[in-house]
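Below: one structure, written as structure tokens.
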Amino acid sequence: MKATQTQQQDLLALGAIDLEISRTKKVVAQLQSPEQHAEISGRIREIASRLLMARNQLDDAKLELDRAESDLKIVEARISKDQAALKSTSVPSIATGIQHELNTLARRKSELEDIEIAILERRESLEAEFAAISAEKAVVDAELATAHQATEQEIIKLKSGLALQLQNRDQLVSRLPEDLVASYQHKISRGSGVGRLSGRECSACHIGIDAVAHSALSAMPADELPECPECGAFLVRG
Ligand SMILES: [Zn+2]
């Protein structure tokens, strides 16, 4: 294919821009992938599951406490009732029976009070644990928010760079003959579009060109745009 020296240089520039564009698009896709903050998200999930467990333990403690308190009320009511009965009786055998029950109730009351204190202590340590896990989660949540924000900003920056790259590309394409661009596009779709001959190597495929092919390439007129015998890309000499 025929192409002036300027067109050949423009084509090389187009090849470089297309490489940049595809790199930028790849980075943007990576940044937008759900895997981007997988590590932080994983940590948040782990903390959230510990938080839920702590919440459940707290709920259990509350239920146990309610039960102990209600048992205690029943015992206390029974004690009041027995005490009143004791005052109003003058029969010694009945008084002995009531006193015996009162002793048993006093032991039960003391047991329930111990249980209540133990639950209250446990609830206190569970509340502290819950607060500590909540604080830990808040820190990692903030870390994720910051990471998201940084990624968003990076994406915005890359996209504005991409817009500029596409603008430059359009300018180059408008300067080049349509058939040359179409042919270049076709080559790109098959692999490499354009390379520079540097020494005996094609910069698109990095394969060395043998001496015979190389001297044939060198013998071609300057406005002739040859193809790399290895990868088929346009080969710009010099
Ligand atoms: Zn090549």
Taking L14, L166 and counting other beta carbon atoms within 10 angstrom, the fewest-first order is L166, L14
In the neighbourhood of L180 defined by beta carbon distances under 13 Å, the net charge of the other residues (Lys, Arg +1; Asp, Glu -1) is -3
With 10 angstrom as the radius, rank D114, D71 by how many other C-beta atoms surround their C-beta, starting from the fewest. D114, D71
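Calculate the translational D of region 33-174 in whole µm² s⁻¹ from Stokes-Einstein, where the hydrodynamic radius comes from the Kirkwood formula applied to all Cα pairs, the temperature is 4 °C and the viscosity 1.567 mPa s.
For the chosen part, D equals 61 µm²/s.
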Taking every other residue with Cβ under 14 Å from the Cβ of R169 and scoring Lys and Arg +1, Asp and Glu -1, one gets -1
Viscosity 1.306 mPa s, temperature 10 °C, Stokes-Einstein D of the chain from Kirkwood C-alpha radius, µm²/s: 61 µm²/s
Local electrostatic count, I17, Cβ distance below 14 Å [Lys/Arg +1, Asp/Glu -1]: 0
Sorted largest first, the C-alpha extents of region 43-105 along its principal axes in whole angstrom are 72, 14, 7
nm² value of the averaged projected area, convex hull over the Cα atoms of region 1-70: 6.8 nm²
Round to a whole angstrom and tell me the spacing of the C-alpha centers of region 66-131 and region 19-40. 67 Å
Using only alpha carbon pairs under 8 Å that are at least six residues apart, calculate the relative contact order of the chain and give it in whole percent. 32 percent
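No value in this document is a laboratory result; all are computed from the given coordinates. For clarity, every value in this text was computed on a predicted model and none was experimentally measured. Quick reminder, even Gly has a Cβ in these numbers, built from the backbone with ideal geometry, and neighbours come from all protein chains shown.
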